[in-house]
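Notes for the one structure printed next.
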Amino acid sequence: MVLLIGASSAILGAFSPACGGSGTSTSRSTFDAGTPGALADGAAAPNGGGPASGSSSAGDGGADAESDGGSPAPLVRFADWAPDAPAAGLDVCWNAPGDSRWYGPLLGTGVPFPKVGAYTKLPGQMSYNLRVVAAGDSSCASAAGMAIDLPALPPDAHVTIALMGAISASGNEQPAKVLRFTDDTSAPQGEAAVRFIDALTGVMQVVFGTGTHSNFSFSALTGNVGFGASATALADGGAADANGYLLLSPATASALSVGVPSGQSDISTSSSTEFVDGGFVNNPGMNNLFGPGMDVTSASNAAWAAGDVVTIALVDGTGGGGGAQLVQCRDNAPAQGSFSDCAVLTPAGSATGIMAP
């Protein structure tokens with residue numbers, strides 16, 4: 001990865017400039033879906049691509065974005081899972097290795113926590129550095145976390161770029177970082193492909209399962225899942241595929257919850273774990289204390305049909321103000337405007353929690 005130190009600790013409404021100088025673009029640029037390797041404002045791309053026709057890729061997102069008449073191209077979407085991200089949301093800029101200029105923002109709209117943007121086309125056959133910036137930052141000068149390198153992708157690739165961790169980390173929170181997940185686009189007949197990701201700051205490992213600990217009905221679905229990673233195996237030993245998806249039977253309005261593995265300890269160096277043997281504190285101030293046999297969070301309406309490709313992410317509560325929540329995305333569903341088909345699952349015992357598209 002290319003290390004680009006993120007913004008300062010005072011980041012709420014905007015980011016501090018990072019990596020300044022002449023290496024930032026001066027106007028918003030988007031990719032022309034029909035001319036891989038070119039920028040919509042006519043500037044030549046770093047790989048020598050010619051001028052573009054001026055059309056924008058913003059809004060091309062969705063599972064069928066390649067069928068709009070343009071040439072096939074890799075598709076990238078951005079997930080804002082940083083709990084203290086600006087309310088206006090975040091976006092993504094890019095450059096090629098060796099090029100000091102940054103181009104973007106790519107999506108053209110802010111992605112607020114904890115939403116996921118629609119898939120957007122990239123020109124193929126080249127590698128990139130991707131950088132998360134404040135929404136609307138036409139100079140691409142702000143940065144959150146560090147840049148991530150994205151290798152040359154095949155034209156049918158679907159990739160999720162996720163920012164997770166705290167932009168202004170304190171206590172036992174992991175600092176924000178940008179991670180890449182390659183997405184499946186289909187599931188075997190009669191089954192669903194479901195991926196579980198731990199994006200909850202302050203957590204070393206969790207276990208996803210059905211039922212809840214609170215009513216003693218919890219049954220583990222996955223093995224231990226570390227922060228910034230997806231599940232690699234089912235609890236019964238079945239392995240995830242190369243992209244981290246587990247093959248599951250269809251489920252309707254299922255209870256889903258997340259627990260702490262037995263023996264889990266606080267990732268911080270504080271003595272707060274003395275209060276719960278093997279527990280951890282999710283937020284500074286010891287306002288969220290969890291331990292084995294307790295629900296970190298739970299939901300009542302997890303569902304996936306045969307053929308669905310689904311990602312379920314464990315994220316912080318809105319604004320990082322405590323608690324945790326589960327976000328479910330249908331990865332192979334059409335986009336909902338500027339966003340992927342995602343929703344915050346309804347907390348168990350609550351009638352609220354659905355995220356508006």
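Every number in this text was worked out from the coordinates using simple rules, so none of it is lab data. If you're wondering where the values come from, they're calculated on a predicted model, not measured in any experiment. In this analysis, Cβ positions are derived from the backbone assuming ideal geometry, glycine residues included, and neighbour counts consider all displayed protein chains.
Provide the packing ranking of 198-205, 341-348, 132-139, i.e. peptides ordered by the mean count of other C-beta atoms within 10 Å per residue, highest first.
My ranking of the peptides, most packed first, is 198-205, 132-139, 341-348.
Quick one: if you stick a label point 7 Å off each Cα along the C-beta vector at S138 and R180, how many nm between them?
3.0
Quickly rank 239-245, 102-108, 77-83 as a protection proxy: mean count of other C-beta atoms within 10 Å, highest first.
77-83, 102-108, 239-245
Any idea how far apart S100 and D149 come out in nm if each label point goes 7 Å out from Cα toward Cβ?
2.1
Only Lys, Arg, Asp and Glu count, each charged at its Cβ (+1, +1, -1, -1), so figure out the dipole size of region 123-188 about its Cα centre, rounded to 20 debye.
About 180 debye.
Just subtract the alpha-carbon distance of T232 and S127 from 0.36 nm times their residue separation and send over the number in nm, one decimal.
35.1 nm
Give me the one-decimal nm value for the distance between modelled label points at A253 and A87, 7 Å along each residue's Cα-to-Cβ direction.
With each label point 7 Å from Cα toward Cβ, the separation is 3.5 nm.
Evaluate E = 1/(1 + (r/R0)^6) for S219 and A239, where r is the Cβ-Cβ distance and R0 equals 25 Å; express this FRET efficiency to the nearest 0.05.
It comes to 0.85.
Of V92, L221, A157, which is farthest on the positive side of the dipole of region 71-227, counting Cα position, with +1 on Lys and Arg Cβ, -1 on Asp and Glu Cβ, and the Cα centre as origin?
Comparing the listed Cα positions along the dipole, V92 ranks first.
Karplus couplings for region 242-251 from phi (6.51 cos²θ - 1.76 cosθ + 1.60, θ = phi - 60°), rounded to Hz, Gly and Pro as x?
Once θ is set to phi - 60°, the couplings for region 242-251 become 4, 9, x, 8, 9, 8, 10, 6, x, 9 Hz.
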